[in-house]
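These notes concern the structure reproduced below.
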């Protein structure tokens, strides 16, 4: 591998990499790192951190080293998820000699403050810089970068809304229906649709109160509501030398409560020329932001206008990345490692093959409005069939804890058409 020294600290080939995640995400990285070692002669060590309820979890068994988060002094008095306690996480990483960090998705994966703490302590994040994460994680800043990069954006307020009166003026300018969004929201939170002027006051106050509870601020912006749309996204990878690669377009339109449940690539019935345009605009945006590592640029495709509008950037690897891996026969864990080591990725073979669909398998009760149903798995027999890939953090006898996401596995199916 050709490696060039950069100003940004590099991941060494014998690094001990701490995993700030659990379940399927952690297993995905552990297996990817082990395979990378076998292929490239590196000696990465994977380090897992777990809660007491998951002491016998699959990711704990498969990691080279594993430590209970409750064993560190900072754990005392922790409220909420320990995977969000940044002082605890930093101490756990440093105490056990980690020099690299992989965050996956969820928890602190898009927390610019955590990324800055890693940089301050000399730890290498397998991801973007804290500045790029901060710029793109703020949806208002990201829209401004998009506008400056000639990336199409949906008509919007051009900045944050000061109050309801300001929101009313912008709604009249944009035209109803509109949508109110948190500048730092995600996971379906901080979103309200407004169809008529009489709904604006209540919806503005509702979204303001919600995002204050979850994100600690009341920064809201407004954009035109696309009534008939599709959720598209471009998987990207950027090295630290100015090379930005795109890997097709995914369609994640099948959602429940703003949560993706089925993803496919390439999108059906979308013109190839439009997909090329969307990929090109995604590359322009990430290059303008000085982005490194894997990331996803999301778009809202207006079916009536036949235009793809920029929505946001996920400054991390996405849950649904396996369908892109299967389509292009690449491994994004390997690519993240190569970027972190400073490799120049000027030429990555990208030949799409066939069509891929992913379905998320969740431990939920449909008779109880799909409420999570934690418990022990008494029988688990994943299919071993051609064209089927299963990504999971569980096995026969595993316990699904009630403290975390209810997803059990991702079922990825590939075919020629």
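Key figures
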read-out: The stretch 366-400: number of residues that are surrounded by 12 or more Cβ atoms within 10 Å (Cβ to Cβ) and either under 27 Å from residue 264 (Cα atoms) or under 22 Å from the mean Cα position of the chain (by Cα) (or both); value: 15
read-out: Any hit, the stretch 301-308, residues being touching a helix residue (DSSP H, G or I) at 6+ places or on another chain (Cβ under 9 Å), in a loop (DSSP other than H, G, I, E, B), within 28 Å of residue 195 (Cα to Cα) and free of Cβ contacts under 8 Å to residues at least 24 places away in the same chain; value: no
read-out: Residues (part of a loop (DSSP other than H, G, I, E, B) and free of Cβ contacts under 8 Å to residues at least 40 places away in the same chain) located in the stretch 4-41; value: 7, 14, 41
read-out: Test result for residue 319, more than 30 Å from residue 179 (Cα to Cα) and not in a strand (DSSP E or B); value: no
read-out: Selection count, the stretch 255-270, where residues are at pLDDT 95 or above and part of a strand (DSSP E or B); value: 4
read-out: Scan of the stretch 327-340 for residues that are more than 18 Å from the chain's Cα centre (by Cα), outside any loop (DSSP other than H, G, I, E, B) and closer than 20 Å to residue 356 by Cα, ordered by number; value: 327, 328
read-out: Residue within the stretch 286-299 that is over 19 Å from the mean Cα position of the chain (by Cα) and crowded, with 18+ Cβ neighbours inside 10 Å present; value: no
read-out: Only one of 109, 115 that is in a helix (DSSP H, G or I), under 21 Å from the mean Cα position of the chain (by Cα) and surrounded by 16 or more Cβ atoms within 10 Å (Cβ to Cβ); value: 115
read-out: Out of 97, 104, 127, sole residue that is within 21 Å of residue 33 (Cα to Cα) and in contact with a helix residue (DSSP H, G or I) (Cβ under 6 Å, 6 or more places away or on another chain); value: 104
read-out: Residues that are more than 18 Å from residue 26 (Cα to Cα) and either assigned to a helix (DSSP H, G or I) or in contact with a helix residue (DSSP H, G or I) (Cβ under 8 Å, 6 or more places away or on another chain) (or both), drawn from the stretch 52-84; value: 70, 71, 72, 73, 74, 75, 78
read-out: Check on residue 312, in contact with a helix residue (DSSP H, G or I) (Cβ under 9 Å, 6 or more places away or on another chain), at pLDDT below 95 and outside any loop (DSSP other than H, G, I, E, B); value: yes
read-out: The lone exception for residue 365 - which of (1) in contact with a strand residue (DSSP E or B) (Cβ under 6 Å, 6 or more places away or on another chain); (2) in contact (Cβ under 8 Å) with a residue 12 or more places away in the chain; (3) at negative phi it fails; value: (2)
read-out: Within the stretch 171-232, strands (runs of 3 or more DSSP E) holding 1 or more residues that are without any contact (Cβ under 8 Å) to a residue 40 or more places away in the chain; value: 191-194
read-out: Flag if residue 379 is closer than 30 Å to residue 242 by Cβ and out of contact with any strand residue (DSSP E or B) (no Cβ under 7 Å at 6 or more places or on another chain); value: no
read-out: Unmet requirement for residue 415, which otherwise passes all of (1) crowded, with 17+ Cβ neighbours inside 10 Å; (2) over 25 Å from residue 107 (Cβ atoms); (3) in contact with a strand residue (DSSP E or B) (Cβ under 6 Å, 6 or more places away or on another chain); value: (1)
read-out: Residue count, the stretch 382-398 (criterion: in contact with a strand residue (DSSP E or B) (Cβ under 6 Å, 6 or more places away or on another chain) and at pLDDT below 95); value: 1
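For every residue, the table says whether it meets (1) more than 19 Å from residue 305 (Cβ to Cβ); (2) surrounded by fewer than 18 Cβ atoms within 10 Å (Cβ to Cβ).
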position: 135; (1), (2): yes, no
position: 146; (1), (2): no, no
position: 150; (1), (2): no, yes
position: 154; (1), (2): no, no
position: 170; (1), (2): yes, no
position: 177; (1), (2): no, yes
position: 183; (1), (2): yes, no
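The values are calculated or read from the model by the stated rules, or taken from the named source; none is laboratory data. Because the structure is a prediction, the values reported are computed rather than measured. Because the Cβ atoms are built from the backbone with ideal geometry, glycine has one as well, and the counts that use them run over all protein chains shown.
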